Structure formats: structure tokens, C-alpha cells
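Chemist: Can you keep this structure in mind? I'll have questions shortly.
The values are calculated or read from the model by the stated rules, or taken from the named source; none is laboratory data. Values in this document were obtained by computation on a predicted structure and should not be read as measured data. Reconstructed Cβ throughout: ideal geometry from the backbone, glycine too, with neighbour counts over all protein chains shown. In case anyone asks, the SASA skips ligands and DNA or RNA and just uses the protein heavy atoms, side chains included. Shrake-Rupley method; radii C 1.70, N 1.55, O 1.52, S 1.80 Å.
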2 protein chains.
Amino acid sequence: MAQEVTQELAQEILGDIDNFLFDCDGVLWDVKGPIEGSLETINKLKALGKRVCLVTNNSLKTRQKSVRKCQRLGYQICQDEMLCTSWIAAEYLRSINFTGKVYLVGPEDSMGAELDAVGIKHIGTEPEPAVIPSYADCLANLKLDPEVKCVLVGFDRQFNYMKMLRASSYLKNPDVLFLGTNPDHLLPVKSDEFCIPDTGCILSPLVLATGRQPTMMGKPSPNMFEVLRKVHGLDPSRCMMVGDRLDTDILFAKNCGMHSMLVLSGISTVEDVQSAGASDATKACPDFYAECLAAFGQFV
Amino acid sequence: MAQEVTQELAQEILGDIDNFLFDCDGVLWDVKGPIEGSLETINKLKALGKRVCLVTNNSLKTRQKSVRKCQRLGYQICQDEMLCTSWIAAEYLRSINFTGKVYLVGPEDSMGAELDAVGIKHIGTEPEPAVIPSYADCLANLKLDPEVKCVLVGFDRQFNYMKMLRASSYLKNPDVLFLGTNPDHLLPVKSDEFCIPDTGCILSPLVLATGRQPTMMGKPSPNMFEVLRKVHGLDPSRCMMVGDRLDTDILFAKNCGMHSMLVLSGISTVEDVQSAGASDATKACPDFYAECLAAFGQFV
């Protein structure tokens, strides 16, 4: 059972945990701007000598740009403490000595730039024709590049049928790797009017067409933690993941053996916490929860 | 257990069945042209006084254009004997006295034309911007029309992220109907090189984003048979569906209480027949199977 953070529990947490990992959207900021009291909480933790890392599934920024955004908002974070999926995908391919070309379904200026930085060639971000009048035109446009050995999919607002067709056709070859940045169905935006599909919705037609499942780079897959563990020598039993989603952040914590805290300033609700784990294996139950990060911060 | 058609079984079939329903792609023709002997088989059945109807999940043609294609290939079919999903969707909305506007994900010149023919207003087929530089531009482009009361999805080569976003946002309102022409994952094209996503792949991100399931117009849903039953007064126990796919054609037959025959000139294989029903409830086992339509026709 998840416990709501109290002064007493906060003191226990501070005794047990050396490293705090934070999700960004819904924890530090949301679509309206910074979430009140989050910066102060992070600064208090740093003043106590705790290591702070940020772990985001967002693939729209390079690691460098993510660090700059944090710094603009007052967060003193260095590149080694910032993990984002555009960078982790490039780092993953570098670590396995990937030598082919990548067919990229994702933004050139973030995912493309991170691939460039590790010297991996990629195609896919050139504009596709907006109107494809016939089936014959469709196939005539579909020249496959035999050097492509990986399809990498992130959040791509330029996604369209031709990209779906190309990506599925590359993936027909079982030797072509299939990587996805993150499985999230919806962007972390609360809206009564709009329903904003995220990367999971761009991956789903490819999964259906090919019968293949992508290797996931972001939360809840443990890839991101592996990189942190290597760089900083982290012991997961001394780490706590703080996030706003049971299906990514809290499940990530469980998958990596970390402690976890849900904040209610984003997607998941206290009702979700109560039903988590019991009925739905895709949503993990956190160890602790708090209204927002500041509700924990008041006890730090 | 499915039985391969023999002379003896063919005579039994001809005794029991008055109405033969045929799928088109993979049965009458394929991407290379007419399938040898299919036309002759249909003509023999008609000469014996059997009723012949064609039932296709293809949403790229109006019913009128589908009939014209058949006639060009020699099939003497009238409009009442031709069922296609572009027409059935419009017919379905007409039959429930739908008065709102449709947000259409599908071709203007087939699905749009069929909606026009029954006087149903629709939007969605205007070109979307090919490049959406930012999140803010994305939402600025997203003015929702309050008159839209149905999202209708067919095979749309113009499908892109903006359409996904719009359709999902309309579907956030539970009063907005969600209709799909057909659940097929792949077009019925055998290719070693290409993997060509069909309507099921266009529906899947909408299902994931909204948590809703579409009401399906085409096979294997019984909607299409209901229309035939009304128009021609068909008794399903005197009907046989002949198709090339276990998951659409043969399942459609089971769902409607018809007899069924699989032909091996399209998607499903004799190995699929052997494993059908046992391990996978989405694939029904046919009563009979034959190499191709002509393999049955030789006994007619």
C-alpha cells in the first residue's frame, strides 16, 4: 500500500536515499509553466548533499537543450544528470557498436542531432509528399535503402502514412532493429478539449503491421537507469524515482529496484494509486505519494 | 475440421447453397490482375440460378465504381449485389437517422462521395499542413467543429499526425460515434519487400489514445450481411461466404451463421487453416477450402 508522505516518513526517506531521480513534465513543470515549490524542493535536497538527476521520456529536445531549459527555469543540472530519450537512443546504438543507417521517425533537430553527435547516419526526416493520389504513386515513392539496419521511432508530428509504410517495410527484415523512445499513449497535458497522442500511438500501427515489439529506450524500460548506474555508480536501493505516472515513472522504479514516490500534480490520480497493482499489471503501485513535490519539500 | 473441396462435396454444396458471397481481392483478382478461372466459376454458378454477391472491405471506391470495375472485368453484378465499406458506412449512418457532421479519415472520392449521396455533411479531407514546426502551431491548427458527431475511419493514404490528433480529440466526447470501415492490418498484397499497412493500422493509434473501440462496418462484423438480408431476404443457412482471409471472410461467415469456403489464392494458407480455431479465436476455421476459386469451379 502506498503511504502519503508525512514529516516522519520524509525523515526516513532522507535517511535511506542518496539519489533522487525526477521526471520533468507534471513534476517540475507543466504546460502552464513551473509547478510551485518544485525548484525549492530540489534546491533543499541538493543543499543536503543529495544527488539529483532528471529522467524524461520527451524526445523533442537534445540533452544539451534539455539542460538549457532546466537552467533557464533555475535548475542547476549538468549534462551527466540529465537523461532524455533522444540522447539515450543514440547512446544505446553507440554502445552496441551499430554501424548501419537509421530510418528515423522523429525530429531531426533532437533525435537526428543526437545521432549526428555519435556519428550514426540516418534518413527519414526529409518531408514526404503531403498528398499521395494513388496506390501506384505510393509504391513508386517507396525506395528502400538497403543500408538501413534500424528503425528508431520517437514523437514525430510529421508522422504520416508514407512514414508508416516505409518503417513497416524496413521492419519486415528481422535483422533491422526496432527501437522506440517511449510507450506513452498521451502527452502529459491535461485538457478537457484535446486528446494529444504521444509516441505510443505512432508505434502502435508499426507493431500491428509487423507483429514486432520495439525495444523501448525510455521509462519504464531500465535502459535509462543502466546509463546512470554506469556513470555515477548508483545503488538502486539508495535511489528514489519521483514521477507523476504509474505506468512509466513508478513502473520504471520497480523495474530498476528503486524506491518510488508519485506526485499528484500530473497524470495519475490518488484513485489510480488505490487501484494500481491489484487489477492492472501495467501500473505499479508507488511506495509513497504526495500532492505535489512541494508537499514533500516542506518536510525536507 | 476444414475439408478440401472434392467433386462429391461440391455437389453437396450446390444442393445446400442458393447464395454465394465472394470477397474480391485474393478471390476474383489480385494486384497482378484477374485470377484465372474465377470469372468462369461465377458464370457457371449464375447459370445454375445461384445468386452471387460481392462483399469487399475496400473503402477506396464507391459502390458505383466497384460495380464498374467488376463489369470491366466481365462480372455481371448490379448495385444491390455489390457491398463495399465506403457505401455501407453511409448506409449505416442513414439507417440510424444521423443528423450531425462526420469527421472523415478516408478518401473524399469514395467515402466522401457516399456520404454526399445520402446527404450527410462531412469534413476532414482538406489537406493538412505537411510540416508542423511546433506544439503551439499544432494546437493552433486544432479548431474542433462542434457539429461533428461521428468520426469515420477508412483507408486513408493522407493520414498524418494532425488527423490523428483531431480524430482523437473529437472522440474524447463520448457522444461522438466511432466507426471504422475494416480491421485489416495489411493490404492484401503479397510482397517480399513491402509491408503495406491497412485501415486497422490507422485505427490503432485512435483506439490507444482514446481507449475506445470502433463500431466496425466491414467484415467480420455482421453489418454488411444485415443489409443483404434486408434487401434480398437471404437465409444465412442457404448462404456461403467464399474468401481468402480467416480473420475477416471466414470469421464473417461464422458471425452471420453462413457456410464458408477459404480459397488459397490470397492471404491465408493451408497451414493457417490447420491451426485456425485451436490457438487463435480471431481466426475462424472454414467448412471447406480450395486452391483457388477455379478448383471449386471445375466441379460446378
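Chemist: Semi-axes, largest first, in whole Å: what does sqrt of 5 times each Cα gyration tensor eigenvalue give for segment A:59-135?
Modeler: 28, 18, 8
Chemist: Give me the mean projected area, in nm² to one decimal, of the convex hull enclosing the Cα positions of segment B:97-216.
Modeler: In nm², the orientation-averaged hull projection of segment B:97-216 is 8.4.
Chemist: Expressed in nm to one decimal, what extension gain is obtained for the pair residue A:7 and residue A:71 from 0.36 nm per residue of sequence separation less their Cα-Cα distance?
Modeler: Length gained between residue A:7 and residue A:71: 20.1 nm.
Chemist: Which percentage, to the nearest 5, of the DSSP beta bridges contained in chain A is antiparallel?
Modeler: 10
Chemist: Give the average, rounded to an integer, of partner chain Cβ atoms located within 10 angstrom of each Cβ in B:54-66.
Modeler: If you average over the peptide's residues, the count of other-chain Cβ atoms is 0.
Chemist: On to the next question. Please compute the average number of Cβ atoms from other chains found within 10 Å of each residue's Cβ in peptide B:152-162. Walk me through the numbers on the way to the answer.
Modeler: On the way: counts 0, 0, 0, 2, 3, 13, 8, 6, 11, 10, 4.
Per residue, the average neighbour count from other chains is 5.
Chemist: Next question, about the same structure. Based on the Kirkwood radius over alpha-carbon pairs, what value in µm²/s does the Stokes-Einstein equation return for the translational diffusion coefficient of the protein assembly as shown at 37 °C and 0.692 mPa s?
Modeler: Answer, rounded: 125 µm²/s.
Chemist: Could you give the angle, 0 to 90 degrees to the nearest 10, between helix A:199-210's Cα long axis and the longest principal axis of the Cα atoms of chain A?
Modeler: Approximately 40 degrees, to the nearest 10.
Chemist: Of the DSSP beta bridges with both residues in the protein assembly as shown, give the percent that are antiparallel, rounding to the nearest 5.
Modeler: 10
Chemist: So what's the gap between the Cα centers of segment A:227-300 and segment B:16-58, to the nearest angstrom?
Modeler: 59
Chemist: GluC sites (Glu not before Pro), restricted to segment B:1-82: which are DSSP loop and have at most 12 other Cβ atoms within 10 Å? It would help to have the intermediate numbers written out before the result.
Modeler: Numbers: sites: B:4, B:8, B:12, B:36, B:40, B:81; in loops: B:36.
Within segment B:1-82, the qualifying GluC sites (Glu not before Pro) (loop, at most 12 other Cβ atoms within 10 Å) are B:36.
Chemist: What does the accessible area of residue B:6 come to, in Å² to the nearest 10, when a probe of 1.4 Å is used?
Modeler: Counting only protein heavy atoms, the figure is 60 Å².
Chemist: Here's a follow-up. What is the set of long-range amide H partners of residue B:241 at a cut-off below 5 Å, with H atoms built 1.01 Å from backbone N?
Modeler: When sequence neighbours closer than 5 places are left aside, the close amide H contacts are B:21, B:259, B:260, B:261.
Chemist: Just the C-alpha atoms of chain A: what Rg/Rh do they give, with Rh taken as the Kirkwood radius?
Modeler: 1.00
Chemist: Between beta-carbons, use under 15 Å as the cut-off and find the net charge around residue B:138, counting Lys and Arg +1, Asp and Glu -1.
Modeler: It works out to a net charge of -1.
Chemist: As a test question: what accessible area, to the nearest 10 Å², does residue B:237 have when a 1.4 Å probe is rolled over all protein chains in place?
Modeler: Around 60 Å² of this residue is reachable by solvent.
Chemist: Of B:32/B:61; A:143/B:163; B:121/B:254; A:69/A:283, which pairs sit farther than 27 Å apart, going by alpha carbon to alpha carbon?
Modeler: B:121/B:254; A:69/A:283
Chemist: Report the accessible area of residue A:44, computed with a 1.4 Å probe over the heavy atoms of all protein chains in place, in Å² rounded to the nearest 10.
Modeler: Estimated to the nearest 10 Å², residue A:44 gives 80 Å².
Chemist: Inverting the mean 1/r over all pairs of different Cα atoms, compute the Kirkwood radius of segment A:155-300 and quote it in Å.
Modeler: Taking every pair of different Cα atoms in segment A:155-300, averaging 1/r and inverting gives 17.0 Å.
Chemist: Partner chain Cβ atoms within 10 Å, averaged over the residues of A:177-186 - can you pull that number for me?
Modeler: For this peptide, the per-residue mean of nearby foreign Cβ atoms is 1.
Chemist: Calculate what fraction, in whole %, of the accessible area of segment B:97-216 sits on carbon and sulfur atoms when a 1.4 Å probe is rolled over the protein chains.
Modeler: Carbon-and-sulfur percentage of accessible area, whole number: 54.
Chemist: Let me ask something additional. Read phi for every residue in segment A:33-47 and hand back ³J(HN,Hα) as whole Hz from Karplus 6.51 cos²θ - 1.76 cosθ + 1.60, θ = phi - 60°, with x for Gly and Pro.
Modeler: Residue by residue, segment A:33-47 yields x, x, 8, 4, x, 5, 4, 4, 4, 4, 5, 4, 5, 5, 5 Hz.
Chemist: Using the Cβ atoms and a cut-off under 9 Å, what net charge is assigned to the surroundings of residue A:55, where Lys and Arg are +1 and Asp and Glu are -1?
Modeler: Working: positive: A:219; negative: A:23, A:249.
Overall, the nearby charge balance is -1.
Chemist: Once fully extended, how much extra length lies between residue B:298 and residue B:271, figured as 0.36 nm per residue of separation less the alpha-carbon to alpha-carbon distance?
Modeler: Full extension from residue B:298 to residue B:271 adds 7.3 nm.
Chemist: Further question on the same structure: How large is the dipole of segment A:97-216 about the Cα centre if only Lys and Arg carry +1 and Asp and Glu carry -1, each at its Cβ, rounded to the nearest 20 debye?
Modeler: 440
Chemist: If you average 1/r over every pair of different alpha-carbon atoms in segment B:1-76 and take one over that average, what Kirkwood value in Å do you get?
Modeler: Taking the inverse mean of 1/r over all distinct Cα pairs, segment B:1-76 comes out at 13.8 Å.
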